[in-house]
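Asks: Here it is, the structure, as structure tokens.
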Amino acid sequence: MAFVSIGQKYGFESAGDYFRKQIAEAEEKGEAKGETKGHDDAISVLQDMGFPPEKIAEAKARLDALKK
């Protein structure tokens, strides 16, 4: 059985619950694109620095794994 806090038991919303709900709503609306933009910027920098395509693909895979 999962732990239930007093606030959850009586219907209060914790700060963590509030922020998780806001993040989920932003993702539904497509507003949470900052991570993707940052990852795209990182890939662009690697390309500009002359990294080989294999290394760039590896970096992109790692960034995508971090996003999940």
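The values are calculated or read from the model by the stated rules, or taken from the named source; none is laboratory data. Worth saying up front: this structure is predicted, and the values here are computed from it rather than measured. Virtual Cβ from ideal backbone geometry, glycine too; neighbours counted across all protein chains shown. What goes into the accessible areas is simple: the full protein's heavy atoms, side chains included, and nothing from ligands, DNA or RNA. Shrake-Rupley method; radii C 1.70, N 1.55, O 1.52, S 1.80 Å.
Asks: If Ala2 meets every condition in (1) open to solvent by less than 70 Å² (accessible area, probe 1.4 Å); (2) at pLDDT below 75; (3) aliphatic (A, V, I, L, M); (4) more than 19 Å from the chain's Cα centre (by Cα) apart from one, which number is that one?
Replies: (1)
Asks: Which residues, counting only those in region 5-16, are at pLDDT 80 or above and surrounded by 10 or more Cβ atoms within 10 Å (Cβ to Cβ)?
Replies: Phe12
Asks: Give all pairs with beta carbons closer than 8 Å in which a residue from region 38-62 that is without any contact (Cβ under 8 Å) to a residue 12 or more places away in the chain meets a residue that is hydrophobic (A, V, I, L, M, F, W, C) and open to solvent by less than 90 Å² (accessible area, probe 1.4 Å); count only pairs at least 6 apart in sequence or on separate chains.
Replies: Between residues of region 38-62 that are without any contact (Cβ under 8 Å) to a residue 12 or more places away in the chain and residues that are hydrophobic (A, V, I, L, M, F, W, C) and open to solvent by less than 90 Å² (accessible area, probe 1.4 Å), the close pairs are Gln47/Ile56; Phe51/Ala59; Lys55/Leu46.
Asks: What number of residues within region 18-50 are open to solvent by 90 Å² or more (accessible area, probe 1.4 Å) and either in a helix (DSSP H, G or I) or modelled with pLDDT of 80 or more (or both)?
Replies: Looking only at that region, the number is 13.
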